[in-house]
1. Looking at this structure, is Thr260 surrounded by fewer than 21 Cβ atoms within 10 Å (Cβ to Cβ) and either β-branched (Val, Ile, Thr) or assigned to a strand (DSSP E or B) (or both)?
2. Given the residues Leu114, Leu83, which is the only one that is among the aliphatic types (A, V, I, L, M) and in contact with an Asp or Glu (Cβ under 8 Å, 6 or more places away or on another chain)?
3. Output the residues belonging to region 327-346 that are more than 6 Å from ligand 2 (Cβ to nearest atom) and of a type outside the set (A, V, I, L, M).
4. From the list Met23, Met51, Met43, which residue is crowded, with 21+ Cβ neighbours inside 10 Å, hydrophobic (A, V, I, L, M, F, W, C) and under 18 Å from the mean Cα position of the chain (by Cα)?
5. Identify all residues within region 118-136 that are surrounded by 21 or more Cβ atoms within 10 Å (Cβ to Cβ) and either among the acidic types (Asp, Glu) or at pLDDT below 95 (or both); write none if there are none.
6. Given the structure, is Cys343 over 23 Å from the mean Cα position of the chain (by Cα) and not β-branched (Val, Ile, Thr)?
7. Which helices (runs of 4 or more DSSP H) does region 115-233 wholly contain that include 3 or more residues that are touching a residue at least 24 places away in the same chain (Cβ under 8 Å) and within 23 Å of Arg85 (Cα to Cα)?
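The values are calculated or read from the model by the stated rules, or taken from the named source; none is laboratory data. Predicted, not measured: the structure shown is a model, and the values here were computed from it. Cβ placement follows ideal geometry from the backbone for every residue including glycine, while neighbour counts extend to all protein chains displayed.
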Amino acid sequence: MNYIFYPIDRYLSSNVTYFTFEMTQQCNFRCGYCCYSGHYRGMRTHSEKDMSRNTLIGAINYVKKHAKEQSQVFLSFFGGEALLRKNEIDYTLRNLKNYFGNNIIFDLSTNGSLLSDDNVDWICSYDNLNISVSIDGCKEVHDKNRKFANGQNTYELVYENLLRFKQQRPKEYDERVKLLLTIGSLKDIELIGNSFPTFEPIIGNNKIFISHIIPNIEKKLYYRDSYEDKLLFCDTAIAHYNEGRRDIYTILLEELLDKTKYKGIIEKQKKIPLGTCLNDMYSTFISSDGLLYACEKFGVNQSIGDIWHGIDIKLAKKLSIKYSLRKSIICGDCPVIEYCNRCISDLKMTIGEMRFICQDMKENIKLSLYCKSRIISKQ
Ligand code: SF4
Ligand code: SF4
């Protein structure tokens, strides 16, 4: 059946519980795969721009106005390197904590280079501030991409900062620190796997999150493994899983299994109403100049309003119509449509680029089902 998609004509922003503030576009790192490196279509580049105090006050008021009825609100501080704006973050924390009390939880994204003892004390002085730190598993993999702006390696500094944090504040570390690993290929997994014992001392109680380098199609940097290599990886990961090990293989396997955790419902009709995160928004990204996006994955030209005037329905509608047409062209006969979690932020790519990304999505869903069936057959 070839499906045709049409947009759901409903744009509600009253249920937003998750907000992200882009505190700055500055960063002291220049990671090779950074989506702000200027190599990714539709994304901004690094710049000196900070969120001004005026815009920050507008963003704080926007959160108060839109989330006043919510029982739990989340606010994430994002960059660039968010810790470069510690004073402004502190101002926001005090202001919103006063307003929401214990009903607000904060998260700060950082590259880990500025986690000095002073900054750790400051983080721990707020009982509802968590941090997400990017570190790519081992020196060899991390230092390939994650460099200071002057080209120097960063792994040792980030690792030592985390280790000191864990040793000095073990309780807070375990409760509040999330590690984010970005990997380019399965060869990285092998390297991380080999040096996992050196990585273990900085793992806390939180789940480790793994993300994959986004292919930079314009520059022909694909970061892609062959299907045969992926299959080999799955077999190794399943063996580790069956032995009850917790390592980088099983962490990645869990992530792969999650890809087929929820199956969407595709009705037996040809015309499908297409729901996106613009219909019932649960999250909002506020850029350093006060523009509104559904999340940080959206391209610079996909803003749907600003903090002073709210959501512009016409802009949201325009994106939804464009995405329905796009889905009708490329997804109508896709075999994995019920599992696919690609989203409207893909509109920043061309159709050709999207088709390229889809190949990976199709393979990964096939592999997820393969792993699931192997695990179930063992039980
Ligand atoms: S630390 Fe983050 S924002 Fe900075 S260059 Fe690296 S990926 Fe980009
Ligand atoms: S994999 Fe691609 S073609 Fe298939 S449903 Fe997802 S976005 Fe559409």
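1. Judged against the criteria, Thr260 is a match.
2. Leu114
3. Within region 327-346, Lys327, Ser328, Gly332, Asp333, Pro335, Glu338, Tyr339, Asn341, Cys343, Ser345, Asp346 qualify.
4. Working: Met51 fails: under 18 Å from the mean Cα position of the chain (by Cα); Met43 fails: crowded, with 21+ Cβ neighbours inside 10 Å.
After applying the criteria, what remains is Met23.
5. Selection gives Asp136 alone.
6. no
7. Fully inside region 115-233 and qualifying: 117-124, 155-168, 170-176.
A quick yes/no check of all residues on (1) in a loop (DSSP other than H, G, I, E, B); (2) surrounded by fewer than 17 Cβ atoms within 10 Å (Cβ to Cβ):
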position	(1), (2)
Val16	yes, no
Cys34	yes, no
Tyr62	no, no
Glu69	yes, yes
Leu83	no, no
Asp90	no, yes
